[in-house]
Amino acid sequence: LKAGPTVGPVSDAQRFAGFSAGGDEKGVWGEVSVRDGEDYGATVEAYIGADPESWTRQGSWRHAAALATYAATNTEVALGSSYCCAFRMTYEKDGETVVKWTSTNTVGVTGSVHWSGAAGDGRWTNAGNWKEGLVPTSLTSDYFSRSGTTVVKAGDEALYGRGVYVTQGTVIWDFTSGTALTNTWLHFGEEGRTSATLIVSNGVINTTAVSSGNKGAPTFDSSNSTFELVGTRAKFGGFDSWKDHCVFHLLDGAYVEVDSISIKNTGWSSQILIDQGSCLRVTGKDSGNLAVDGGSKVIVDGGAVTNWGSVQLSMSTDSSGSLFVRNGGVFAQRCTTDKSFAVGMRGKGRVFVAGTRFAVSVYEILANLWEEQCAD
């Protein structure tokens, strides 16, 4: 069956009052409301399929009410695939058969895929390494939940627009330098699980485009989790969701730019570690800052951390927090407002500087300091 020309919304007496469709692991569904069809004894049919050339009828109703809503579901669908959905209404008017269609709507079947490593080569793009036999797509969420250490290899494919969950054990993403994780929402740990660690080697991470709903912020969903970037470039919309005893570690020349970082309240004894020539740049966009309290620490050890925005950097607004700059590390802040650096506002904030450079500027530009230590 071919639908013929696609039109919509249908304007003939506004008989189609509404149309919507969706899809998830349980199937593809469509829903339409019809009114003013009882005078003509209209027939309403639902069609769902991979495309308008091959779809099948999922339901048929005789419309005999002033207003009624009809729904259909197709459960024979594949995770990560897209399907079309539409409704057809047929009735007699002035001695002729009138056929009207809703607009064809395309929906995707969303769900989760889980890493198994069964193929043995560790490659992200090998469907045999996923329990569902499906390489992740933009419609799936990806789960890594195995005890011990798992090594995953990826090339230049983009991991676009979905959630990635590391909930147990240690996962090492051995990415080539061209690999890009774009619009990806990263999660670490899971309540009730043991500690989780994600180590990313090389590659580029850019999550800022999905910052709505906090999706631009890597999220620690459980305590005792670690996010480690080894020589990796990354850009995040925020880094604000912390649990107890979590670690964000940059090493081997990693470069990370983030609008704001906050380790407080739930971040007891958590740490940010910047070392081995790495750089963390806090831009201060969207009124962000670097806030550290709750017994947490920022340690700059042979690396650099900068706050390059026009907002306050605060240490310990509620309880004790510490900033260590040592062993050739660099801390720098340029700010054009008062109170650019606050320590111990209502608690016990501490700053430790040893054998390194520490500079805080109000109304001044730290000339070339960032360019020296964190060159792009």
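The values are calculated or read from the model by the stated rules, or taken from the named source; none is laboratory data. Because the structure is predicted, anything quoted here is derived from the model rather than measured. All Cβ positions, even for glycine, are placed from backbone atoms using ideal geometry, and neighbour counts span all protein chains on display. Side chains included, ligands, DNA and RNA excluded: accessible areas come from the protein's heavy atoms. Shrake-Rupley method; radii C 1.70, N 1.55, O 1.52, S 1.80 Å.
At a glance:
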item: Residue check, Y70 of a type outside the set (V, I, T), closer than 23 Å to E96 by Cβ and modelled with pLDDT of 90 or more; result: no
item: Criterion violated by N129 - all others in (1) open to solvent by less than 50 Å² (accessible area, probe 1.4 Å); (2) under 19 Å from the mean Cα position of the chain (by Cα); (3) of a type in the set (S, T, N, Q) satisfied; result: (2)
item: Filter result for the condition that a residue is of a type in the set (G, A, S), in contact with a Phe, Trp or Tyr (Cβ under 6 Å, 6 or more places away or on another chain) and assigned to a strand (DSSP E or B), over A72, A86, A68; result: A86
item: Of all residues making up region 177-186, the number that are at pLDDT 75 or above and open to solvent by 10 Å² or more (accessible area, probe 1.4 Å); result: 1
item: Residue within region 77-84 that is open to solvent by 50 Å² or more (accessible area, probe 1.4 Å), at pLDDT 90 or above and either out of contact with any helix residue (DSSP H, G or I) (no Cβ under 6 Å at 6 or more places or on another chain) or over 30 Å from T179 (Cβ atoms) (or both) present; result: yes
item: Whichever residue in region 149-164 is closer than 21 Å to D121 by Cα and under 13 Å from the mean Cα position of the chain (by Cα) and, among such residues, is modelled with the highest pLDDT; result: V164
item: Filter result for the condition that a residue is closer than 20 Å to F324 by Cβ and either surrounded by 22 or more Cβ atoms within 10 Å (Cβ to Cβ) or at pLDDT 80 or above (or both), over G237, G302, G309; result: G302
item: Those residues of region 86-109 which are open to solvent by 60 Å² or more (accessible area, probe 1.4 Å) and under 46 Å from the mean Cα position of the chain (by Cα), in sequence order; result: V99, T106
item: Unique residue being within 21 Å of D221 (Cβ to Cβ), assigned to a loop (DSSP other than H, G, I, E, B) and at pLDDT 85 or above when the list is H245, H249; result: H245
item: One residue from T283, T266 being modelled with pLDDT under 80 and open to solvent by less than 30 Å² (accessible area, probe 1.4 Å); result: T283
item: Within region 23-46, tally of residues that are modelled with pLDDT of 90 or more and open to solvent by less than 10 Å² (accessible area, probe 1.4 Å); result: 6
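Residue-wise test of (1) at pLDDT 90 or above; (2) in a loop (DSSP other than H, G, I, E, B); (3) under 19 Å from A196 (Cβ atoms).
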site: K100; (1), (2), (3): no, no, no
site: A119; (1), (2), (3): yes, yes, no
site: G133; (1), (2), (3): yes, yes, no
site: P136; (1), (2), (3): no, yes, yes
site: S145; (1), (2), (3): no, no, yes
